[in-house]
2 protein chains.
Amino acid sequence: MMQQILIENINPSVYQGEYPARAIVGDIVTISCDIVCHGSYVLDAQVRYRHIRERNWRSAPLELVENDAWEGKIKVTRAGMYVFIIEAWIDMVSTHFRDAKKWLDAGEDISTDVLAIRNTLVSSIKGQTGPLITGLISEIEHSPSDAIATFDPKSPAGMEARRLQEKKSLSESRQFNISVDPLIAGYASWYELFPRSQGSDLKSPGRFRDCIQRLPDIKEMGFNVLYLTPIFPIGETNRVGKNGSKTAKPGDPGSPWAIGNSHGGHKAVNPDLGSMKDLNDLLSAARSIGMDVALDMAFQCSPDHPYVRDHPEWFNHRPDGSIRYAENPPKKYYDIYPINFDIPQPMPLWRELRSVFEFWINRGIKIFRVDNPHTKPLDFWNWCLTSLKRKHPDTVFLAEAFTRPKLMYGLSKAGFNESYTYFTWRNYDYEIREYISELTSSPLNYYFRPMFFVNTPDILPYVLQHGGRNAFIFRAVLAATLSPLWGIYSGYELCENTPIPDREEYLNSEKYEIRKRDWKAPGNIRDIIAKLNEIRNSFDAFRGRMDVTFLGSSNPNILFYLRRNRSTGSSAFVAVNINPFEEHTARLSIPSGIAEGISGNVQWYKDVFLGTRISLPGREFNLTLTPGRKSAAILIPEV
Amino acid sequence: MMQQILIENINPSVYQGEYPARAIVGDIVTISCDIVCHGSYVLDAQVRYRHIRERNWRSAPLELVENDAWEGKIKVTRAGMYVFIIEAWIDMVSTHFRDAKKWLDAGEDISTDVLAIRNTLVSSIKGQTGPLITGLISEIEHSPSDAIATFDPKSPAGMEARRLQEKKSLSESRQFNISVDPLIAGYASWYELFPRSQGSDLKSPGRFRDCIQRLPDIKEMGFNVLYLTPIFPIGETNRVGKNGSKTAKPGDPGSPWAIGNSHGGHKAVNPDLGSMKDLNDLLSAARSIGMDVALDMAFQCSPDHPYVRDHPEWFNHRPDGSIRYAENPPKKYYDIYPINFDIPQPMPLWRELRSVFEFWINRGIKIFRVDNPHTKPLDFWNWCLTSLKRKHPDTVFLAEAFTRPKLMYGLSKAGFNESYTYFTWRNYDYEIREYISELTSSPLNYYFRPMFFVNTPDILPYVLQHGGRNAFIFRAVLAATLSPLWGIYSGYELCENTPIPDREEYLNSEKYEIRKRDWKAPGNIRDIIAKLNEIRNSFDAFRGRMDVTFLGSSNPNILFYLRRNRSTGSSAFVAVNINPFEEHTARLSIPSGIAEGISGNVQWYKDVFLGTRISLPGREFNLTLTPGRKSAAILIPEV
């Protein structure tokens, strides 16, 4: 049955509240809706909300913006799930006063209206204290014309009368959810490494201790999340050799994604890396310099994983009873058994996998990069992540899914806080514009939080292969300035780009061998990466959710965009030459009124990327960008 | 709890199924959705649907279109409410065959796959007849490679195997509604008249009998709905005189919207118009020439209405006990008491008002134009219209609401089949484009059906006042070709346009006096209106829901658009000079591939408005349109 007042188009929401929207701790969330009622009553509305762990509801007023659209703000101060409901009602006090004023102004008799006002006010104070309302009643009784002419619904007496009155025709929306994530889920710079490749001793594998040694180096580049590729014991059976060859040579370390051996499975560490205590030391060291550590979690097993022995029912069997390898016809991965979720009794499996996360959460890990979640059922993730977050709302799950877009979005609906994207494959101006426009469209932007990795151990994009150092620079500028979440896989700072011919993959991939490097080798772009992270940390415009407006550029080789943070009102303008081979010039313009604080008077901008200061009085200007260090301009308006 | 397969973005739907979408009897409705599942299974899906009066569910298959989007079609053959549910599941038969084929092509061992296929097929036929599936099993047992290489999921055996298998991971959408309206709600040309102004006897008021005499005339112009302004007894107290003057002179007939006197209220006819039998004769006469009759229903009362005596509690009272007039501060309408819906016990009032509709429905009226519905509660309309339509699904309710857009849309959500619009106030090219683009946007186009009246007794738009006959012509062309529902208020064909100075209102309005006319007076545009209705009736493009694409025109005085009917694949191109004063020329172009059936080869078009035939081989052409009879071109491609 329809309510008398319609409350609709409620935001933030995902499919009418079917899935939670997302926010970050400390966010001031704008709640908006349409409120529609017959006639021409004055309406009032509020949003009632609470954290699900709190018993009491809070409330915040909504205000009419225009054309039956209303808006209010709530502050979410605690990680976890918030619920909100919108209430709207007819404000009879204001309606009567407004109508009486019209009759008064028209010189008509107002006795009916005075009576209506008095009755409304009197019935309001029944059994409630309201000193101001009493004064208002006395005024309406003794000098009604004055009372009506001077009534102000926002005056203390007006507020009290409106607050105490009966909420006539009170209508309520259904309940909507906002999943509030910790700060690190909204804004972060990730650095991915293989622990075994750290350390200066070229002979022996790197250990957690070596990772501790590398921390200052990574911190110097401005990263705040250290992401470790899988740290679990690695299988011996069918271990893969260099470049993924089917048979490993003695001493080959194997793929860290082939998880489990006699030392244990997903709840153990590879002894080559150190002990659980060593890992704990790494976590402490990272924490002491303000960094978080993310674990890579791949739900798949080497043939030597304890699950294979203890729970053969969790795997796919051949007619002869043997277990099937991971397959992606016509490819097979002989070192990996995928877990079979299509089993009659999946709950013991589901519970065990959830307990893996719990194991690491209890050891201080809060961030998980989940490998290939799109090959596991969405209802499993929804059950697993929802229940984990109820207990541990400060956890963060990053979906490493490169698959069909709607499935990637489905994983975020199921509970992933953030997701890998197609960013590495978006190179031309129209591709980048189109993709960013999709990512920032509603309702996607309410629940899907994109992470822009410039490379991964699996992906060495063609643009980096062919464009070399210049490409490494401008791709970093794009990722760091377009997205609040960006990351590199180690080696990026060294511009490593030797591919397997005609493939977007690294030759001699670290997935299958140990690679020790000179982290300060000539040609590195450490200073540029550090500068980008420093700019991100220094200017609000780059924090807050992805909010990008592309601006006019006369040359498709130069992308020009406005990056904005609406909650702080900060803006930055970024121009990037996305052609790694040629210098380009474009005519760019900053439209008037494009952003808060950018009035017609702003003419000085600081180029924080190159450290210059420029004057743009006409706000239409030519800009020349040269591949390399001068391939971008990051302009902060001086307001 | 999330299901394993997500079924989302389901259309037609209004706010995730919160309100029914609308269709017309006989429509083939396209059902679309996204279906998202982990992994890379082959999925299958269907829509199950039924009319709420039918017990059995029907089903129609959905097919994958692209990118996880699916589509199917259902035919709605009966007025009333349909419900539909989408089901999706994993098609293991097809999944196994596809994977086996990949291994086969890669030269790998397929014994595991063969076993999986066999097991799936065998478990499918348990207790079911399936001669084809038995053959398939035998084939997979004896020559598995051939069976796999040649399997076709769309072959009879493939279809049977897929149909009989268990629907693995079966997921279901929630239930969605489609309100199926009678044909007349989707496509109609309305003619509005005051019965008392009909007839050739200048001395006495027109009667229903005179309306019968006028029918051939109206039919000749091609209209198929005769809309009668209120036919109820008119109040005597405070009757309004000519031009709305506060005191009527003896013999002034009063406003038909001041309803009720000693002869009765909303369930009686004004004796001056004739008897209930005379009305019935008019209905029969109209029906016999294929016309419907619409009644004007205004829920308000003259002070003499029986309700005022019998149900004083349904009105607003002053402190002295007298009843308040209709008011719109600072305006008062002394001949009208509005009904007060803000009463403690509204159900008796609600039931009585619903019984008014029932009274007329039982006397053969199926179409109601409802006056000012936006001043009555939305929950009343929702209750009233939903329950009426459950019993009388062939009724049509047109909302005469000129108010805030979201309230107009709210009335359609509450149950109105169609609605008045802002069309009369949209005159310039950008205004018309913008408004049509709003009306054809989703989800609005799923539930809000716009009626384009070119004038009403209340509205004589400035464009008609100033533009004269030329404006009457081009505005008729716009309404008749843009919207499947259009109408005129009588006098339009005579280009009557004398206003109250500086107001968009008629001088000597028929609302307050009787106006007999020479319906064939010189300067009339009867033939043009007849031509427009004939074109609408002859070409499918103008039937079906509003579907307009604006095409490039080099001159803002000439609007150029494609009107389309997607269910029949018909198209028409319309060019209109919207400047009533000047001849204009525009360069127009028909983009290639713009509509079905319009390939690059079409070069001959019939201008059905002017009766010529033109060749447009380049499909880019100059067109000159002259105000008046040659102000438009309506081009039908000769395919």
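The values are calculated or read from the model by the stated rules, or taken from the named source; none is laboratory data. Everything numeric in this text was worked out from a predicted model, so none of it was measured. For neighbour counting, all protein chains shown are included, and Cβ atoms are generated from backbone atoms with ideal geometry for every residue, glycine included.
Observations on the model:
- Test for A:S284: is it over 24 Å from A:V308 (Cα atoms), modelled with pLDDT under 95 and surrounded by fewer than 21 Cβ atoms within 10 Å (Cβ to Cβ): no
- Odd one out for A:L6, checked against (1) buried (at least 22 other Cβ atoms within 10 Å of the Cβ); (2) modelled with pLDDT under 95; (3) not polar (S, T, N, Q): (2)
- A:I31 being at pLDDT 95 or above, β-branched (V, I, T) and farther than 14 Å from A:I178 by Cα: no
- Odd one out for B:L407 among (1) in a helix (DSSP H, G or I); (2) more than 9 Å from chain A (Cβ to nearest Cβ): (2)
- Close Cβ contacts (under 7 Å, 6 or more residues apart or on different chains) running from residues in the stretch A:113-134 that are within 14 Å of another protein chain (Cβ to nearest Cβ) and in contact (Cβ under 8 Å) with a residue 24 or more places away in the chain to residues that are surrounded by fewer than 15 Cβ atoms within 10 Å (Cβ to Cβ) and not in a helix (DSSP H, G or I) comprise A:S123/A:E166.
- The stretch B:620-634, residues that are touching a residue at least 24 places away in the same chain (Cβ under 8 Å) and more than 27 Å from the chain's Cα centre (by Cα): B:E620, B:F621, B:N622, B:L623, B:T624, B:L625, B:T626, B:P627, B:G628, B:R629, B:S631
- Enumeration of residues in the stretch B:33-61 that are without any contact (Cβ under 8 Å) to a residue 40 or more places away in the chain, under 27 Å from the mean Cα position of the chain (by Cα) and within 14 Å of another protein chain (Cβ to nearest Cβ): B:D34
- Subset of the stretch B:302-349 [out of contact with any Pro (no Cβ under 8 Å at 6 or more places or on another chain), modelled with pLDDT of 95 or more and in a strand (DSSP E or B)]: B:P338
- In the stretch B:94-127, of all residues being under 20 Å from B:S40 (Cβ atoms) and basic (K, R), the one that is modelled with the lowest pLDDT corresponds to B:K102.
- Residues of the stretch A:40-52 that are modelled with pLDDT of 95 or more and over 11 Å from A:I85 (Cα atoms): A:Y41, A:V42, A:L43, A:D44, A:H51, A:I52.
- Flag for A:R390 being more than 18 Å from the chain's Cα centre (by Cα), of a type outside the set (S, T, Y), under 27 Å from A:I28 (Cβ atoms) and assigned by TED's automatic domain parsing to the domain that holds A:S255: yes
- Residue check, B:E108 within 14 Å of chain A (Cβ to nearest Cβ), part of a loop (DSSP other than H, G, I, E, B) and not aromatic (F, W, Y): yes
- Residue within the stretch A:414-426 that is of a type in the set (V, I, T), in a loop (DSSP other than H, G, I, E, B) and modelled with pLDDT of 95 or more present: yes
- Flag if A:L136 is in the same structural domain as A:L164 (by TED's automatic domain parsing), outside any strand (DSSP E or B) and surrounded by 16 or more Cβ atoms within 10 Å (Cβ to Cβ): yes
- Candidates B:A60, B:A88: the one that is among the small types (G, A, S) and surrounded by fewer than 22 Cβ atoms within 10 Å (Cβ to Cβ) is B:A60.
- Boolean, B:G274 is surrounded by fewer than 18 Cβ atoms within 10 Å (Cβ to Cβ), at pLDDT 95 or above and farther than 29 Å from B:E504 by Cα: no
- Annotation note: of A:R566, A:R629, the sole residue that is among the charged types (D, E, K, R), at pLDDT below 95 and closer than 26 Å to A:G468 by Cβ is A:R629.
- Of the residues screened, A:R309 is not one that is over 24 Å from the mean Cα position of the chain (by Cα), away from every other protein chain (no Cβ under 14 Å) and within 27 Å of A:L183 (Cβ to Cβ).
- Selected residue [within 21 Å of A:Y512 (Cβ to Cβ), out of contact with any Pro (no Cβ under 7 Å at 6 or more places or on another chain) and away from chain B (no Cβ under 14 Å)] from A:L283, A:L273, A:L279, A:L295: A:L295
- Enumeration of residues in the stretch B:539-551 that are part of a strand (DSSP E or B) and out of contact with any Ser or Thr (no Cβ under 7 Å at 6 or more places or on another chain): B:T549, B:F550
- The one condition in (1) modelled with pLDDT of 95 or more; (2) surrounded by 22 or more Cβ atoms within 10 Å (Cβ to Cβ); (3) closer than 17 Å to B:P637 by Cα that B:N537 fails to fulfil: (2)
- Counting the residues of the stretch A:113-125 that are out of contact with any Asp or Glu (no Cβ under 9 Å at 6 or more places or on another chain) and not aliphatic (A, V, I, L, M) gives 1.
- Of everything in the stretch B:385-400 that is surrounded by fewer than 21 Cβ atoms within 10 Å (Cβ to Cβ), without any contact (Cβ under 8 Å) to a residue 40 or more places away in the chain and in a helix (DSSP H, G or I), the residue that is farthest from the other protein chains (Cβ to nearest Cβ) is B:K391.
- Looking only at the stretch B:508-532, and only at residues there that are among the β-branched types (V, I, T) and out of contact with any Cys (no Cβ under 8 Å at 6 or more places or on another chain), the one that is farthest from B:I459 (Cα to Cα): B:I528
- Flag for B:S200 being away from every other protein chain (no Cβ under 14 Å), under 27 Å from B:L273 (Cβ atoms) and assigned to a loop (DSSP other than H, G, I, E, B): yes
- Restricted to the stretch A:552-589, and to residues there that are farther than 21 Å from A:R629 by Cβ and touching a Ser or Thr at 6+ places or on another chain (Cβ under 7 Å), the residue that is surrounded by the fewest Cβ atoms within 10 Å (Cβ to Cβ) is A:G552.
- The condition (being in a strand (DSSP E or B) and more than 12 Å from chain A (Cβ to nearest Cβ)) is satisfied by just one residue among B:R369, B:R363, B:R354: B:R369.
- One residue from B:I365, B:I436 being buried (at least 22 other Cβ atoms within 10 Å of the Cβ), over 29 Å from B:N328 (Cα atoms) and assigned by TED's automatic domain parsing to the domain that holds B:R287: B:I436
Listed here are the residues, each with its yes/no results for (1) under 20 Å from B:A530 (Cα atoms); (2) in contact (Cβ under 8 Å) with a residue 12 or more places away in the chain; (3) under 21 Å from the mean Cα position of the chain (by Cα).
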{"position": "B:L183", "(1), (2), (3)": "no, yes, yes"}
{"position": "B:E192", "(1), (2), (3)": "yes, yes, yes"}
{"position": "B:I212", "(1), (2), (3)": "yes, yes, no"}
{"position": "B:L226", "(1), (2), (3)": "yes, yes, yes"}
